[in-house]
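**Q** Take a look at this one; I'll ask things after.
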Amino acid sequence: MSVVDPTNNCSAQVGLRITSSADLDSFGDRAAARPSVGRRLEDLRVIIYEQFSVASLQRCLCLAPNLVDLDLLLSLPDSDVPGILDNIILPELRFFRTNIPHALLRPFLAAHDRMSILTLDACSSTESPCPLSASHLPHLKCVTGPAPCVSSFVNQGTFRLTMSSPDGACSTSLLLRSLPLPLPSLYALTIDFPANDHDVLLSVVASCSGVRKLKLMEKPSHKCRRGRLSTRRAWNDTTTWSKALLGLPLLEEFMLRTTSKLVQRSGSEDEERKTFVRWTSGLRSATRGQPNHHPALYHIGVWYSADDDDRGVVTHWSKCGQNWCHMSTMLNPPQGYEFI
Ligand SMILES: [Zn+2]
């Protein structure tokens, strides 16, 4: 258990991280003895991957009524824990991240409709549609979660959207078509796509042409139903790919994760530069034709040759005047590497 602000300064935001069931009980005892300890708490992260008492968790949350930011990442028993968050009311709550199954969240979300950032993990529900599909969170600005569960939360004010498609889904356009388009405020979009969806970028252009930050994450091959994958990717057709990028005229940062090789020699700066110049100018050759430079793009990050254990090459490039400059390369990133 760690207290971010141990100074007892009542005016400062106070945070607490709880990582064990013993920490949970200890905080509950302290806050029960001195209610100001719990009332000062604004930022609480409960990350417990061991058995814990649901009653202790509920006591802890009841003793911290002024929480603004709450993470609940829990190892829940196989049997359902109905009512795990029932009767918990946190009037100031704005940021919420959890892996609690969606069927157990419905009353809690209904009671916290002023939330602005919501991050959900897997659904785990056998119901279709997701039990949360009828929830109404009109103030949400940033949404993360499985597409069938969170697409109903997307609204005209959505600023940042991160969606994963169900296993076996083989079209990004279907994923995007489930949204209430257009999304004029959408600034950042992160979605996954099947390797053989060659229209992935065109689908984004058709749905969210004003996006400024775009991250495309290729799905692992075992999560797509279609048989053996070819090595062909959408960007192999440079002309269509660069035209699609121009169809996102406000795009500033583009990130892509793929299992494909991208270049012949992994980590070759020269080959990477040629690739990205082709993407952003439409030119097949540096000496032929008139370039049609992208007007806003200044950062490209690509994680290529990625496999199920991650690895591969992570390369970042930035625009310097009319040229693309290599910023960094990481070979074989560690497992679980966060591609940002
Ligand atoms: Zn769901």
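Every number in this text was worked out from the coordinates using simple rules, so none of it is lab data. Values in this document were obtained by computation on a predicted structure and should not be read as measured data. So basically every Cβ, Gly included, is an ideal-geometry build from the backbone, and we count neighbours across all protein chains shown.
**Q** May I ask you to derive the FRET efficiency for Val81 and His299 from their Cβ-Cβ distance with R0 = 56 Å, giving the value to the nearest 0.05?
**A** Calculated value: 0.85.
**Q** Another question about this same structure. Straight-line reach only, C-alpha to C-alpha below 22 angstrom: list the lysines that Lys141 could link to, leaving out same-chain residues fewer than 8 apart.
**A** Leaving aside lysines fewer than 8 places away in the same chain, those within reach of Lys141 are Lys213, Lys215.
**Q** Do the sum for the chain: with -39,500 (n - 2.57) for every DSSP H run of n ≥ 4, divided by all residues, what is the mean residue ellipticity at 222 nm, to the nearest 500 deg cm²/dmol?
**A** -5500 deg cm²/dmol
**Q** Grab the other residues whose beta carbon is less than 13 angstrom from that of Trp324, score K and R as +1, D and E as -1, and report the net.
**A** Spelling it out: positives minus negatives among the neighbours equals 0.
**Q** Let me ask something else about it. Might you report the magnitude of the Cβ-based charge dipole of the range 24-175 about its Cα centre, with Lys and Arg at +1 and Asp and Glu at -1, to the nearest 20 debye?
**A** It works out to roughly 580 debye.
**Q** For the chain, give me the percentage of DSSP beta bridges that are antiparallel, rounded to the nearest 5 percent.
**A** 25
**Q** With label points built 7 Å along Cα→Cβ from the Cα atoms of Asp307 and Cys320, find their separation and express it in nm.
**A** If labels sit at Asp307 and Cys320, their model points lie 3.4 nm apart.
**Q** What Kirkwood radius, in Å to one decimal, follows from the Cα pairs of the chain?
**A** About 22.2 Å, per the Kirkwood formula over Cα pairs.
**Q** Calculate the spin-label point distance for Asp237 paired with Lys261, positioning each point 7 Å from the Cα along the beta-carbon direction, and give it in nanometres.
**A** Result for the modelled spin labels: 2.2 nm.
**Q** Let me ask something else. Magnitude of the Cβ-charge dipole of the chain, K/R +1 and D/E -1, about the Cα centre, nearest 20 debye?
**A** Taking the Cα centre of the chain as origin, the dipole is about 1220 debye.
**Q** Which whole-Hz couplings ³J(HN,Hα) result when phi for each residue of the range 148-163 is put into the Karplus expression 6.51 cos²θ - 1.76 cosθ + 1.60, θ = phi - 60°, listed in order with x for Gly and Pro?
**A** x, 8, 9, 4, 6, 7, 5, 9, 5, x, 5, 9, 9, 9, 10, 10
**Q** Using alpha carbons only, how many angstrom separate the centre of the range 284-333 from the centre of the range 154-183?
**A** 26
**Q** Using the alpha-carbon atoms, what tilt in degrees (0 to 90, nearest 10) does helix 21-33 show relative to the longest principal axis of the chain?
**A** 50
**Q** Let me ask something else about it. Please enumerate, by chain and number, the aspartates and glutamates with C-alpha under 14 Å from the C-alpha of Lys319, excluding those fewer than 8 residues away in the same chain.
**A** Filter leaves Glu252, Glu253, Glu272.
**Q** Suppose the chain between Asp270 and Arg284 were pulled fully straight at 0.36 nm per residue; how much longer would it get relative to their current alpha carbon spacing?
**A** Net length gain for the segment: 3.6 nm.
**Q** Given a Förster radius of 22 Å and the C-beta distance between Arg17 and Asn99 as r, what FRET efficiency does 1/(1 + (r/R0)^6) yield to the nearest 0.05?
**A** Efficiency for this residue pair is about 0.85.
**Q** From a point 7 Å beyond the Cα of Asn292 in the direction of its Cβ, which residues of the range 231-262 have a backbone N at a distance under 11 Å?
**A** The answer is 239-247.
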